[in-house]
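A short reminder: the numbers here are calculations on the coordinates, not readings from a lab. The shown structure was predicted, so the numbers you read here are calculated from the model rather than taken from an experiment. Please note: Cβ atoms are built from the backbone with ideal geometry, for glycine as well, and neighbour counts cover all protein chains shown.
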Amino acid sequence: MPVKVVTDSTADLPDQLVQELGITVVPIYVRFVDKVYRDRVDISEDEFYKRLLHDPVHPNTTQPTPQDFADVYQKLSQEAEGIISIHISSKLSGTYNSALMAKEMIRKGCPLEIIDSQTLSIAMGLIVIQASKMAKSGMSLQQIVDEVGKIIPNVHLLILFDTLKYLAKGGRIGKAKALLGSVLSVRPLLTVRDGELVPSSQVRTRSKGIDKLFDFVKKAANIQDLAILHSTTPDEAQALVESTSSIFSKEHTILARVGPALGVHSGPGILAIALREKGLP
């Protein structure tokens with residue numbers, strides 16, 4: 001029996017890849033006032049962004065409960081020799097800790113490893129994809145855990161925000177708070193460092209921000225995987241796929257969308273690039 005791979009919905013993995021690789025995704029909860037939705041299960045991306053822009057009350061998110069994870073682990077343990085569960089940075093969400101609590105609840109199940117990806121969104125998705133490919137190739141749980149530990153430092157993310165107001169509303173602004181005082185015309189770019197969102201740079205126009213994303217790819221060393229992410233601008237994302245095709249094959253570039261769970265904090269207009277570089281031997 002192969003190792004099973006679990007993640008949470010903040011990985012923003014396209015459904016097709018989830019199905020192809022047999023990944024189990026545990027949804028984050030999104031709450032609009034008194035109505036709670038499971039990310040991408042009870043509410044689609046289009047429905048979510050429409051509500052985000054027009055609902056008078058800003059939504060919030062809640063991590064899956066330990067029982068949510070325990071139910072998934074118990075079910076998978078019936079058909080797996082091991083489970084690796086990879087989650088959003090513990091500095092950005094309580095999801096990782098919730099998974100750890102679930103592990104304590106089901107001590108008699110098959111071997112289970114909980115991994116803090118130290119990142120988020122499709123950057124975490126790239127890690128999950130590699131873990132899934134290794135599982136399909138027949139690698140053992142410990143081999144996959146060891147390899148994932150080597151992959152994590154080589155996955156990088158750069159995000160162009162249209163505004164930081166949603167990040168501030170959601171209370172997840174962290175070290176990017178210093179940018180809030182910037183003039184309204186500035187477009188901030190954030191990256192992830194040590195599991196936290198931190199400022200990378202800021203530009204005056206969106207087009208210059210897109211240029212920064214392209215340069216991010218251009219300057220990367222020995223790219224193994226590339227993903228382009230958007231929330232509400234598919235045409236821009238596709239154009240970025242085309243422009244970066246001179247550096248990395250567009251047939252192998254993953255095009256993903258920010259789901260409701262992260263959309264609560266990022267808002268519309270997000271454009272981002274995640275990439276995995278080849279690590280040192």
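Structure above, values below:
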{"item": "In Hz, Karplus ³J(HN,Hα) per residue of the stretch 8-19 (6.51, -1.76, 1.60; θ = phi - 60°; x = Gly, Pro)", "result": "10, 6, 6, 5, 6, 7, x, 3, 4, 5, 4, 5"}
{"item": "Cα centroid of the stretch 218-281 to Cα centroid of the stretch 1-41, whole Å", "result": "19"}
{"item": "Other-chain or far-sequence residues with amide H under 5 Å of LEU255's (modelled H)", "result": "ILE228"}
{"item": "Listed residue pairs exceeding 18 Å between alpha carbons, taken from LYS4/LYS75; LYS133/LYS218; LYS165/LYS212; LYS4/LYS133", "result": "LYS133/LYS218; LYS165/LYS212"}
{"item": "Charge dipole (debye, nearest 20) of the stretch 15-111; +1 at Cβ of Lys and Arg, -1 at Cβ of Asp and Glu", "result": "380"}
{"item": "Cut-off under 5 Å, modelled amide H: who pairs with ILE83 long-range", "result": "LYS4, LEU112, GLU113"}
{"item": "Relative exposure of MET1, MET101, MET134, judged by other C-beta atoms within 10 Å (fewest first)", "result": "MET1, MET101, MET134"}
{"item": "Of ILE114, ILE127, ILE159, the one that fluctuates the most in a GNM where the chain has Cα springs shorter than 10 Å", "result": "ILE114"}
{"item": "Principal-axis tilt of helix 95-105 within the chain, Cα atoms, nearest 10 degrees", "result": "10"}
{"item": "Antiparallel content of DSSP bridges confined to the stretch 154-277, in %, to 5", "result": "80"}
{"item": "Whole-Hz ³J(HN,Hα) from phi, Karplus 6.51 cos²θ - 1.76 cosθ + 1.60, for the stretch 259-265, glycine and proline x", "result": "x, x, 4, 8, x, 3, 9"}
{"item": "Fraction of beta bridges assigned by DSSP in the stretch 1-138 that are antiparallel (%, nearest 5)", "result": "35"}
{"item": "Residue-span extension gain [ASP211 to GLN143] - 0.36 nm each, minus C-alpha spacing", "result": "20.6 nm"}
{"item": "Table column - 3J(HN,Hα) (Hz), the stretch 199-211, Karplus curve with 6.51, -1.76, 1.60, x for Gly and Pro", "result": "x, 10, 6, 9, 10, 7, 10, 5, 4, 5, x, 5, 4"}
{"item": "Charge dipole (the chain, unit charges on Cβ, about Cα centre) - positive-most of GLN63, TYR29, SER89", "result": "SER89"}
{"item": "In degrees, nearest ten, helix 45-54 long axis to first principal axis of the chain (Cα)", "result": "50"}
{"item": "Rounded to 5, the percent of DSSP beta bridges in the chain classed as antiparallel", "result": "60"}
{"item": "GluC sites (Glu not before Pro), loop per DSSP, at most 15 other Cβ atoms within 10 Å - longest free stretch of the chain", "result": "82-281"}
